[in-house]
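Right, one structure below, let's go through it.
No value in this document is a laboratory result; all are computed from the given coordinates. Please read these numbers as outputs of a predicted model, since none were measured by experiment. Cβ placement follows ideal geometry from the backbone for every residue including glycine, while neighbour counts extend to all protein chains displayed.
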Amino acid sequence: MPNTIDSKQLLMGQMMTQPLMISSLLTHASNAYGSTEVVSQRVEGDRHRYTYSDCERRAKKAAQMLAKLALQPGERVATIAWNGYRHLELYYAISGGGLVCHTINPRLFEEQIHYIINHAEDAAICFDLTFLPLVEKLQPSCSSVRHWICLIDEDKMPQSSIPNLLCYETLIEAEDGDYEWPSFDENAASALCYTSGTTGRPKGALYTHRSTVLHSYASALPDSLDASTRDVIMPVVPMFHVNAWGLPYTCPMVGAKLVFPGAKLDGASLYELIESEGVTMSAGVPTIWAGLLQHCKDHKLAFTKFKRTIIGGSACPPAMMQTFQSLGVQVIHAWGMTELSPLGTVAKLKATDLNKPKVEQDAILQKQGRVIYGISMKIVNGEGDSLAHDGKAFGDLLVKGSWVVDRYFRGDESPLIDGWFPTGDVATIDQDGNMQITDRSKDVIKSGGEWISSIDIENVAAAHPDVHLAACVAVDHPKWDERPLLVVVKKPDSTRTDEDLKQDLLQSFEGKVAKWWIPDDVAFIEKMPLTATGKLLKLELRNQFRSRNMLAPQQR
């Protein structure tokens with residue numbers, strides 16, 4: 001039982017009580033950093049730029065517009081949009097007006113999007129022109145949606161089968177912006193994000209104003225994302241993926257210039273935007289950065305001001321980290337989940353680490369890092385017993401904190417175990433508190449009763465110069481129950497035959513992992529299946545290869 005003291009026994013402080021409101025972040029940016037730019041690559045093809053002051057003025061107009069559409073506090077307003085200034089305005093207009101901003105991932109299967117909209121009972125949907133064909137398919141079966149709003153100028157409004165389709169720019173142009181952000185309970189719902197649903201129906205994480213503001217504070221800290229007004233930050237991670245890891249809130253809080261890439265996330269487009277806008281920091285999943293680094297390699301390019309990138313979503317291969325370092329870019333490993341808003345840990349060196357050899361420093365930075373203040377974590381065995389933080393014992397990772405879900409939206413039961421959220425990750429924690437994900441619990445390979453880390457195998461394979469992407473999955477084995485299979489996409493310029501590269505890859509594991517961890521076979525495919533958020537879709541690979549006839553197992 002927690003040790004608590006009855007408030008009646010305490011001497012209470014005499015400080016102002018001011019609710020933590022999301023709208024206050026944009027108001028602060030407008031007041032303190034009003035001339036700082038927000039730059040957006042638009043779906044229309046051009047580049048838009050304005051200031052934080054402009055952003056708040058238009059966000060207030062959008063809040064007025066939503067109220068005029070008779071949307072009531074607590075109702076959900078969905079967005080299906082790329083990273084851009086209109087999406088940013090809606091983040092604040094919706095939540096700031098007492099509504100709930102529901103960001104929808106357009107990369108999900110159409111059936112999943114239908115489910116999400118109807119489960120959330122969205123009252124309005126705001127969408128980029130890119131997604132008009134998708135929205136036209138969705139509209140007939142989304143009975144709760146009263147308003148469909150296209151995020152476009154009046155003169156570019158499309159012909160559509162959607163009845164009474166509204167134009168965002170026309171609607172906000174009719175408002176005067178004379179609007180005062182309302183104040184209300186900081187525990188009111190602010191935003192709704194659904195999980196990607198790779199293991200069942202997507203589940204909704206319903207954030208609060210309080211949890212979001214606290215998350216923004218924590219993510220800006222020096223030993224967290226270290227964001228400041230001197231930065232130019234480009235969130236490549238989509239605003240429909242856990243609120244772009246909170247950066248649309250953190251950047252206005254610290255006054256950083258924001259650069260939004262829009263729909264073009266290829267290496268050439270990202271490089272041009274990074275260089276032309278002086279981006280100093282970015283954030284995204286490894287699969288996105290693979291394209292950027294390949295573009296730099298092909299054209300012998302370097303970066304001028306780009307100094308660090310946050311990589312999360314899945315583990316960053318050491319080879320990718322080293323390539324970034326060779327270009328003068330620091331990789332900051334981070335870990336989190338939709339259920340954590342999302343940030344949980346960040347890999348940074350302590351003062352005592354600075355005197356260690358570089359190889360030891362790199363080993364620390366390749367882990368997922370220490371918890372940031374506001375999050376607690378532990379690892380447990382199958383019986384729920386806590387395990388040692390020695391960097392060797394690995395078990396199920398549990399977390400709790402001020403921005404961790406208590407239950408899912410409209411969920412009947414809480415997923416918590418004695419107050420802790422089970423992440424579904426398997427991890428180790430060392431004596432300095434550095435956590436390292438060894439696998440997802442559903443992806444871990446159990447061979448002969450012992451666990452094999454698929455991530456360690458993938459990291460070795462990803463370092464090979466002929467490998468573009470690598471995944472390791474379990475396949476059935478008559479003696480050992482499961483054995484690891486390495487699945488590889490070769491680089492486009494590779495001239496190696498499959499058999500030649502397979503033998504080279506298998507030899508590359510010698511001395512780097514335990515001998516019995518070495519995959520028994522390598523499968524080559526043309527395209528790696530990815531989830532809606534750019535992670536390896538191992539479920540599809542397991543289904544494809546589960547019954548594959550393996551080669552004779554190695555002597556172990």
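Shape summary of the chain, radius of gyration then Dmax from alpha carbon positions: 24.1, 76 Å.
Which FRET efficiency value, to the nearest 0.05, do you get for S276 and L221 by plugging their Cβ-Cβ distance into 1/(1 + (r/R0)^6) with R0 = 41 Å? Efficiency for this residue pair is about 0.90. Cα gyration tensor of the range 353-410, axes a ≥ b ≥ c as square roots of the eigenvalues: rounded (a/c below 1.5), prolate (a/b > b/c) or oblate? The shape class here is oblate. If you take the beta carbon distance between D432 and D385 as r and set R0 to 22 Å, what does 1/(1 + (r/R0)^6) give as a FRET efficiency, to the nearest 0.05? E(calc), rounded to 0.05, equals 0.50.
For the chain, the longest principal axis of the alpha carbon atoms and the long axis of helix 498-508 meet at an angle near 80°. Multiplying the residue separation of E540 and K446 by 0.36 nm and subtracting their alpha-carbon distance yields 32.0 nm.
A simple charge model with +1 on the Cβ of Lys and Arg, -1 on the Cβ of Asp and Glu and nothing else charged puts the dipole of the chain at about 620 debye relative to its Cα centre. Take the Cα of L349, step 7 Å toward its Cβ, do the same at K300, and the gap between the two points is 3.1 nm. Distance from the C-alpha centroid of the range 1-40 to that of the range 75-132: 26 Å, rounded to the whole angstrom.
Show me 236-246, 404-414, 472-482 ranked by packing, highest mean number of other Cβ atoms within 10 Å first. Mind dumping the intermediate values first?
Details: 236-246: 25.5, 404-414: 14.3, 472-482: 17.6.
Ranking the peptides 236-246, 404-414, 472-482 by packing returns 236-246, 472-482, 404-414.
For the peptides 385-393, 278-286, the ranking by packing is 278-286, 385-393, with the highest mean count of neighbouring Cβ atoms within 10 Å listed first. The equivalent ellipsoid of the range 19-220 has semi-axes of 25, 21, 16 Å, largest first, where each one is the square root of 5 times an eigenvalue of the Cα gyration tensor. The angle between the Cα long axis of helix 22-32 and the longest principal axis of the Cα atoms of the chain comes to about 80 degrees, rounded to the nearest 10. Taking 13 Å as the straight-line reach from the Cα of K305, the aspartates and glutamates in range (excluding those fewer than 8 positions away in the same chain) are D231, E272, E275, E277.
Separation of the range 304-361 from the range 406-484 is 20 Å, based on Cα centroids.
Straight-line cross-link reach from K446 at under 20 Å between alpha-carbon atoms covers these lysines, not counting any fewer than eight positions away in the same chain: K392, K479, K512, K515, K538.
For the chain, the longest principal axis of the alpha carbon atoms and the long axis of helix 286-299 meet at an angle near 80°. Which residues in the range 515-551 have a backbone N closer than 12 Å to a point placed 7 Å from the Cα of K479 along the Cα-to-Cβ line? Flagged as within label range: 551. Extension gain for the segment R146 to Q507, taken as residue separation times 0.36 nm less the Cα-Cα distance, is 123.9 nm to one decimal.
Can you give the FRET efficiency for R49 and E526, using 1/(1 + (r/R0)^6), R0 = 41 Å, r = Cβ-Cβ distance, to the nearest 0.05?
Values: r = 40 Å, r/R0 = 0.97.
For R0 = 41 Å, the calculated efficiency reads 0.55.
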